[in-house]
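First comes the structure, then the notes that go with it.
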Amino acid sequence: MVESDRMRADLVVDHRVTCEQDQPLTDALVALGFSPSTRVLPPRRPIEPLSWLILVALPLHAFLTTLGNKAAEGAYRQLHAAVANLRGLSADSPTATAPTPTRPVVLQDPTTGLRIVLEPDLPEAAYQQLSSLDLSRYRLGPLHYDQTRGCWRSELDEAAPH
């Protein structure tokens, strides 16, 4: 695939994440036909800490379709490994009394704003299910994988009146 034929994926990365740590995610996106560009957030004292470690803005429908099309090539395994590789990175501050939980990688559609949250401890089945998600079922998001039910869901969409 020629570089100009690739779809864009914009990564916004917490400054604590090194290039070596986000490289497997970038490689997974390239393998899926995306042209990733990375912007590192500068260190700052936020009023509210970031809830994510890396935010990836990309067309979700195209991403999920490509993930399904490249399943035989192990595309979801590469994505799974890249996100799992970020396990243990958090937003611990020097004044924190207890470590904060590991923050996820979040996929966000730039057009709809819909988000899919990829926690580092997701099972392989969660990645396998991504390619068959019907995004038209969700309006509010974010989508989280419910390990008890074994499916992707949006609690906000479920609670919203139809």
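Coordinate-derived values only; no laboratory data. What you are looking at is a predicted structure, and each value in this text was computed from that prediction instead of being measured. Glycine also receives a Cβ, built like all others from the backbone with ideal geometry; neighbour counts cover every protein chain displayed.
Listing for the model above:
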| item | result |
| --- | --- |
| Span-rule helices in the chain, defined as complete DSSP H runs reaching 20 Å or more along the axis (Cα) with Kyte mean at least 1.6 | none |
| Phi-based couplings in Hz for segment 111-125 (Karplus 6.51, -1.76, 1.60; Gly and Pro marked x) | 7, 8, x, 4, 10, 10, 9, 9, 6, x, 9, 5, x, 4, 4 |
| In range of the label at Asn69: residues from segment 14-52 whose backbone nitrogen is under 18 Å from the point 7 Å along Cα→Cβ | 28-36 |
| Computed E for Arg45/Thr18 - FRET, C-beta separation, R0 22 angstrom, nearest 0.05 | 0.55 |
| Inter-centroid distance (Cα atoms) of segment 35-70 relative to segment 110-125, Å | 10 Å |
| Burial ranking of peptide ranges 67-74, 54-61, 27-34, 38-45 (average Cβ count within 10 Å, highest at the top) | 54-61, 27-34, 67-74, 38-45 |
| Nearest-0.05 FRET efficiency for Val30 and Thr148, computed from C-beta distance (R0 25 Å) | 0.15 |
| Size descriptor, Kirkwood hydrodynamic radius, that averages inverse alpha-carbon separations across the chain, Å | 16.5 Å |
